[in-house]
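Please read the structure below before turning to the comments.
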Amino acid sequence: MRKQTILLTGGSGFIGRNIKESFLADKYEIIAPSSKELNCADKKSVDDFFAATVPVFDYVIHSATKPGHRNAPDHDNLFITNCKMYYNLEQHKKQYGKMLIMGSGAIYDMRNNISNVSEDEFGTTIPIDEHGFCKYITGRDILQSSNIYDLRIFGIFGKYEDYAIRFISNAICKTLFDLPITVRQNRLFAYLYAPDLPAVIDCFLTGTPSYHAYNITPDKMITLLEVADIVCEVAGKPNYPIKVANEGMGLEYTGSNARLFGEYSHLKLTPIREAIKELYLWYLSNKENINRDVLLFDK
């Protein structure tokens, strides 16, 4: 029997690499072209790629993005570049069965307290930052689409993320080099473990979702200080130094998963303590590949 095909964009990125190493690679034929082979921000490149593709793809997983985080090398044209990526792929919607967008909770406007937000609250406020505004514009289009689905991911962590800035990996790596963990400001987050994402994706590939937008987030909410305590416990360093740069609580970043689990109640997500332990052991086994210098200062 022919394996169904997935076109994966952003295959060399954090989420893309976790997808390629998951069970999805055994279940599906994953085609993950490099940015030289498929530049999603360039219309001609996308058009030529699809013109050369026979037959059509069963699915597209769009995880490619121009990053806007504080460690990104280039913040220019963030909005226009990411919008082009989406619309260049959207224009070929007849050449794939479904497209899943690896979206973001930033669509709900990160200027505000995002507390257990539901999908129906989309559009209550409009983000003004380029990343959030792009998600808002494309999110409106997705709601009117026939075969495109927005998976709105909030906090996510796992191997291959940028440990220089991503809190959980950064905290783990600092304990490996006896450097103090730094919390910019305590906040309440909903953290998804990256290896759990492929099972969520598979639900959308094999099923017929009732909606075109879903918050992808676990039940358990956790503060950054609680995360830091778990990291210290897993590292066997319960009295490890944790520095808090700014007092008080920052803006919350959590979403309701009632829609997701109402439809896919069989999904099982890894408890965060277990996930942190697994990630800690992975970094420990790869310690020689960690650049200690980037851990000496906080961006």
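The values are calculated or read from the model by the stated rules, or taken from the named source; none is laboratory data. Owing to the predicted nature of the structure, the values given are computational and were not obtained by experimental measurement. Virtual Cβ from ideal backbone geometry, glycine too; neighbours counted across all protein chains shown.
Quick notes on this one:
- The residues listed here are I230, I222, I216, I242; of these, the one that is closer than 30 Å to R140 by Cβ, of a type in the set (A, V, I, L, M, F, W, C) and buried (at least 16 other Cβ atoms within 10 Å of the Cβ) is I216.
- Here segment 42-67 is the region considered, the condition is being assigned to a loop (DSSP other than H, G, I, E, B) and buried (at least 20 other Cβ atoms within 10 Å of the Cβ), and the residue that is nearest to the chain's Cα centre (by Cα) is S63.
- Among the residues of segment 5-49, those that are among the polar types (S, T, N, Q), more than 13 Å from I201 (Cβ to Cβ) and either touching a residue at least 60 places away in the same chain (Cβ under 8 Å) or in contact with a strand residue (DSSP E or B) (Cβ under 7 Å, 6 or more places away or on another chain) (or both) comprise T5, T9.
- In segment 267-282 there is at least one residue that is surrounded by fewer than 17 Cβ atoms within 10 Å (Cβ to Cβ), within 16 Å of A194 (Cβ to Cβ) and more than 21 Å from the chain's Cα centre (by Cα).
- Candidate set from segment 203-212 (those that are among the hydroxyl-bearing types (S, T, Y) and assigned to a loop (DSSP other than H, G, I, E, B)); member that is farthest from A190 (Cα to Cα): T208
- Annotation note: Cβ proximity below 8 Å between a residue of segment 86-111 that is surrounded by 21 or more Cβ atoms within 10 Å (Cβ to Cβ) and a residue that is aromatic (F, W, Y) and in a loop (DSSP other than H, G, I, E, B) (sequence gap 6+ or interchain) occurs for S104/F154; G105/F154; I107/F122; Y108/F122.
- So Y264, is it surrounded by 13 or more Cβ atoms within 10 Å (Cβ to Cβ), farther than 20 Å from F157 by Cβ, touching a helix residue (DSSP H, G or I) at 6+ places or on another chain (Cβ under 9 Å) and modelled with pLDDT of 95 or more: yes
- The single condition among (1) outside any helix (DSSP H, G or I); (2) touching a strand residue (DSSP E or B) at 6+ places or on another chain (Cβ under 9 Å) that I142 does not satisfy is (1).
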